[in-house]
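Participant: Have a look at this one.
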Amino acid sequence: MEWLTGFLTGILASFVFGSFWFWVLLITSWSFITGSVNRRSGGWAFFWTVLLGIVLAYNLKGANGKLIFAGILGYVAFGVFYSVIQWKKHVTSLVAEFKTEQEKNLRLIEDDKAPRDAVYERAERDYQYEWRVLQGATTASRNKSQLSLWVFYWPFSLVWKLSGGIVETVYDLAAGWYNDIQKKALADVPRHNA
């Protein structure tokens, strides 16, 4: 058993704060956790957090326990605050999407040539079903995993939110170039009406 302790200590020693392998692990963990959180895959986020936590605990041995506890408490408190903001955005966007769909459905009803009673009955049934779906999607107790990810992994979610705009802009720019190439390539191809 002593050999195992020596082996693990040797591995952890290669991840001493500031070493090359420490930074490799930190960047790799950060990347995987960020991707996992934003794909809502809490299991992988937890795995990388535990791995990183073991290395950090090894590096923090002998540190002031009260300061570490205060840091963890502050981290979770900010995570709760962040999750409230994210939850409000999430619910607001779902409600806005629901309202838009209902307005679109009402326009379709007005254009429908079916007898009015049948159309309104169908519309009321659809509305009630979609309302129940919306209520479920906006209930905190049915979204525990998402709320937990926001509370405990808020830095990763925040970085993704801040950098996501940049990634989307680059993607949109590149997609525009790709679409231009496609249009030029198809410009000389004759079209046949079927």
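The values are calculated or read from the model by the stated rules, or taken from the named source; none is laboratory data. Fair warning: this is a prediction, and the values are worked out from it, not measured in the lab. Cβ coordinates were reconstructed from backbone atoms using ideal geometry, including for glycine residues, and neighbour counts include every protein chain displayed.
Participant: Out of all the residues in segment 153-161, is one or more modelled with pLDDT of 80 or more, under 30 Å from Leu73 (Cα atoms) and not in a helix (DSSP H, G or I)?
Facilitator: No, because not a single residue in segment 153-161 is modelled with pLDDT of 80 or more, under 30 Å from Leu73 (Cα atoms) and not in a helix (DSSP H, G or I).
Participant: Step by step: first the residues of segment 51-103, then only those that are outside the structural domain of Arg132 (by TED's automatic domain parsing) and β-branched (Val, Ile, Thr), then the one that is surrounded by the fewest Cβ atoms within 10 Å (Cβ to Cβ). Which residue is that?
Facilitator: Out of the qualifying residues, it is Ile54.
Participant: Check segment 47-59 and report whether any residue there is farther than 25 Å from Ser148 by Cβ, modelled with pLDDT of 70 or more and in a loop (DSSP other than H, G, I, E, B).
Facilitator: no
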